[in-house]
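Each remark here refers to the structure printed beneath this line.
The values are calculated or read from the model by the stated rules, or taken from the named source; none is laboratory data. Only a predicted model underlies this, so the values are computations on that prediction, with no experimental measurement involved. Note that we place each Cβ from the backbone using ideal geometry, even for glycine, and neighbour counts take in every protein chain shown.
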Amino acid sequence: MQWKSALLIIQIFLMVGLLTASCQTNQRSPKMNGISLVASRDSILDTEVNYVAETEANYIALMPFGFLPDSQEPQLKFNINRQWFGERKEGIEHTVSKLRERNLNIMVKPQIWLRNGTFTGDLEFETEEDWKQFEDSYAEFILLYAEISEELDVELFCIGTELFNFVSNRPDFWKNLISEVRKIYSGQITYAENWDKFDQTTIWDDLDYIGVDAYFPISDEASPDIDQIKEGWEPHLSSLESASDKFEKQIIFTEFGYRSIDHALKTPWNSEREHPGLNLNLQSNAYQVLFEQVWSKEWFAGGFLWKWHQGTNSGGLENSRFTPQNKPAEKELKSFYGSFRN
């Protein structure tokens, strides 16, 4: 009888093990289901925190800004009273505390704004003196928010956004900056490079993730269908996987998003006010395909939708901008992010 009892116990353990393995296989890998939250002029309200939490996102990106009057002005201005509250030190601290009430994880992502729409990736100074002045002010900018991120237990810190020339031309500065950030910040670090330069960026070995602002051109059609959008993603998926394999890092889409207009997938980065016509369904379909084609990849750690405004009346059916708020794309977003909580 004893051997029969022992055999029964072994069989039970085997069955439990198989069931556990099956459950683990069916579980979805945790991803950063992120939203880029536009800063507020004043303190964020509880209604606005609840509104963004209802997207079922588990990560929120906050963007404190530094400003350059023009591309040859080397002194970065940041954390000044002229800025919106949400773009300054005290605003980041306040917003993080409010988002924590909803158990949301945080990425702090300091960014540079250049007047007249100059692209930050082309930033370049003519003299060594100007480069040094800019580097000093940029390091002060980044280290301020790295220190705040450490104090607030922020999970992810982004040390720069779309600064290809700066990163390429000043490698010693960036190596030192990353080292200095790691001395004061114990969380994970990334950098956000533009979609067309991420595979040429030289600092991934020193970071925890490859960050890509994923405005890949997908289709020249005014309103491509689902199959055409899937086809348009294929070469980009291949290049992303290759970069992940090369550097042995997962990839984060530090930004991804589409406008609700015709031709939105031809030049997804285009933010000009004039547009060829509204196309709400294309925006929604573009999200659907991105979620289906990218999110399950092992090399992919998650992404941050660009962008979400504070205010429950933002966006709307006549809005042509990037936000999915009060559009069909919002339902697509909530449905997909919500599926990770089921």
Only one of these is touching a strand residue (DSSP E or B) at 6+ places or on another chain (Cβ under 6 Å) and within 22 Å of Leu333 (Cα to Cα): Leu62, Leu76. Name it. Leu62
Near pairs, Cβ below 7 angstrom, 6+ apart or cross-chain, from the stretch 119-144 (under 15 Å from Asn169 (Cα atoms)) to any residue that is among the charged types (D, E, K, R): Thr120/Glu162; Gly121/Glu162; Gly121/Lys197; Trp131/Arg170; Glu135/Arg170
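Does Val38 count as at pLDDT 95 or above, within 15 Å of the chain's Cα centre (by Cα) and surrounded by fewer than 21 Cβ atoms within 10 Å (Cβ to Cβ)?
Values: at pLDDT 95 or above: yes; within 15 Å of the chain's Cα centre (by Cα): yes; surrounded by fewer than 21 Cβ atoms within 10 Å (Cβ to Cβ): yes.
Against the criterion (at pLDDT 95 or above, within 15 Å of the chain's Cα centre (by Cα) and surrounded by fewer than 21 Cβ atoms within 10 Å (Cβ to Cβ)), Val38 qualifies.
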Number of the condition not met by Trp233 [criteria: (1) buried (at least 16 other Cβ atoms within 10 Å of the Cβ); (2) free of Cβ contacts under 8 Å to residues at least 60 places away in the same chain; (3) closer than 26 Å to Lys109 by Cβ]: (2)
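Which of the residues that make up the stretch 144-157 are out of contact with any Phe, Trp or Tyr (no Cβ under 6 Å at 6 or more places or on another chain) and not in a strand (DSSP E or B)?
The first filter runs over the stretch 144-157 and keeps only residues out of contact with any Phe, Trp or Tyr (no Cβ under 6 Å at 6 or more places or on another chain), leaving 144-145, 147-148, 151-156.
Matches in the stretch 144-157: Leu144, Tyr145, Glu147, Ile148, Glu151, Leu152, Asp153, Val154, Glu155.
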Any idea how many residues of the stretch 85-97 are in contact with a helix residue (DSSP H, G or I) (Cβ under 7 Å, 6 or more places away or on another chain), over 22 Å from Thr190 (Cβ atoms) and surrounded by fewer than 17 Cβ atoms within 10 Å (Cβ to Cβ)? 0
Counting just the residues of the stretch 203-212 that are aliphatic (A, V, I, L, M) and under 17 Å from the mean Cα position of the chain (by Cα), which one comes out surrounded by the fewest Cβ atoms within 10 Å (Cβ to Cβ)? Leu207
Among the residues of the stretch 158-215, which ones are among the small types (Gly, Ala, Ser), without any contact (Cβ under 8 Å) to a residue 60 or more places away in the chain and outside any helix (DSSP H, G or I)? Gly160, Ser186, Gly187, Gly211
Considering only residues that are in contact (Cβ under 8 Å) with a residue 12 or more places away in the chain and of a type in the set (A, V, I, L, M), which ones fall in the stretch 76-93? Leu76, Ile92
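From the residues in the stretch 269-324 that are of a type in the set (S, T, N, Q) and assigned to a helix (DSSP H, G or I), which one is surrounded by the fewest Cβ atoms within 10 Å (Cβ to Cβ)?
So the residue we want is Asn281.
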So which residues in the stretch 266-282 are closer than 15 Å to Pro324 by Cα and either out of contact with any Phe, Trp or Tyr (no Cβ under 6 Å at 6 or more places or on another chain) or of a type in the set (Asp, Glu) (or both), if there are any at all? Ser271, Leu278, Asn279, Leu280, Asn281, Leu282
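Determine whether the stretch 237-259 contains at least one residue that is without any contact (Cβ under 8 Å) to a residue 40 or more places away in the chain and either over 21 Å from the mean Cα position of the chain (by Cα) or crowded, with 21+ Cβ neighbours inside 10 Å (or both).
Let us first name the residues in the stretch 237-259 that are without any contact (Cβ under 8 Å) to a residue 40 or more places away in the chain, namely 238, 246, 248.
This time we only want the ones that are either over 21 Å from the mean Cα position of the chain (by Cα) or crowded, with 21+ Cβ neighbours inside 10 Å (or both), so: 246.
Looking through the stretch 237-259, at least one residue is without any contact (Cβ under 8 Å) to a residue 40 or more places away in the chain and either over 21 Å from the mean Cα position of the chain (by Cα) or crowded, with 21+ Cβ neighbours inside 10 Å (or both).
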Note: among Val96, Val52, just one is within 30 Å of Glu298 (Cα to Cα), without any contact (Cβ under 8 Å) to a residue 60 or more places away in the chain, among the aliphatic types (A, V, I, L, M) and assigned to a helix (DSSP H, G or I), namely Val96
Filtering the stretch 302-334 down to residues that are hydroxyl-bearing (Ser, Thr, Tyr) and touching a Phe, Trp or Tyr at 6+ places or on another chain (Cβ under 9 Å), which residue is modelled with the lowest pLDDT? Thr312
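Select from the stretch 108-121 the residues that are in contact with a Lys or Arg (Cβ under 8 Å, 6 or more places away or on another chain) and either hydroxyl-bearing (Ser, Thr, Tyr) or crowded, with 20+ Cβ neighbours inside 10 Å (or both) and list them in ascending order.
Taking the stretch 108-121 as the starting set, the residues that turn out to be in contact with a Lys or Arg (Cβ under 8 Å, 6 or more places away or on another chain) are 121.
Matches in the stretch 108-121: none.
Identify all residues within the stretch 190-202 that are surrounded by fewer than 20 Cβ atoms within 10 Å (Cβ to Cβ) and touching a Phe, Trp or Tyr at 6+ places or on another chain (Cβ under 9 Å); write none if there are none.
Taking the stretch 190-202 as the starting set, the residues that turn out to be surrounded by fewer than 20 Cβ atoms within 10 Å (Cβ to Cβ) are 196-197, 199-200, 202.
Passing the criteria: Asp196, Lys197, Gln200, Thr202.
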Of the criteria (1) surrounded by 14 or more Cβ atoms within 10 Å (Cβ to Cβ); (2) under 21 Å from Phe65 (Cβ atoms), which one Asn105 fails: (2)
